[in-house]
Amino acid sequence: MEYRGVKPKPKPKPKSRPRQIWKVDIIVAPIAAARPCAAGKPSWKIQSMKIGSGLSIFGVTDMMTLKHRPACADDKEIIYQINCAAYRDIVTAQFGKWDEVFQRDHFEKKWDPARYSVLTIEEQVVGCMAIENYSDHIFLSEIQVEPTYQGRGYGTAVLRDLLAEAKQKNLPVRLRVLKLSRAVGLYTRLGFIRTSENDTHFYMEWRNSQ
């Protein structure tokens, strides 16, 4: 098109949308000996995460709340299912197969609700954690997040809370992890170092001086 006389005004550039920040409250119970479900509501300690624009949390953009409560006997089966979901690919990759009979027997032998805490989002169980307190260290026996909820920072938030408690008590945190587990990278980023290993596991430790 040919314009004569007054030139047309240039079209204004579209305004860029401001970067959105969503605040997600991570509510974490004190890491302590588990109590029965009927023992009453624990007091919660609040931490926060900021999720940048463009990231949807489970398809929802409003506030999500992660709660950390003591486990009870009724949690046994869902924790076993999360255990299977979290470990199946790793175990298959490292050992060549997933033996359901062996895994169920192994879980039954270690199951004790007093050792476990449960991670929930809006009353749905999405993970679990088991710790053992000793006079000279804290042993992180288990931390599992259902794969659908992994990569969102929830496991990291719970671990940071555990490390904060260990720092207050001036105790190291120890754990063992399968060699092919992606959690090795997470533990390393949080300051755990490898202290030894066997054919299947790394033994790692976080020290207050770190």
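Read-outs throughout are calculated quantities, based only on the coordinates presented, and are distinct from any laboratory measurement. No experiment lies behind these values; they were computed from the predicted model shown. Every residue, glycine among them, receives a Cβ derived from its backbone with ideal geometry; neighbour counts consider all protein chains shown.
Brief remarks on what is shown
- In Hz, Karplus ³J(HN,Hα) per residue of segment 139-148 (6.51, -1.76, 1.60; θ = phi - 60°; x = Gly, Pro): 9, 8, 7, 8, 8, 9, 10, 3, x, 4
- Neighbour counting of Cβ atoms within 10 Å sorts the residues ASP199, ASP99, fewest neighbours leading, into ASP199, ASP99.
- Ordering LEU66, LEU178, LEU163 from the fewest to the most neighbouring beta carbons within 10 Å gives LEU178, LEU163, LEU66.
- Counting neighbouring beta carbons within 10 Å and listing from fewest to most, the residues HIS106, HIS68, HIS137 come out as HIS106, HIS137, HIS68.
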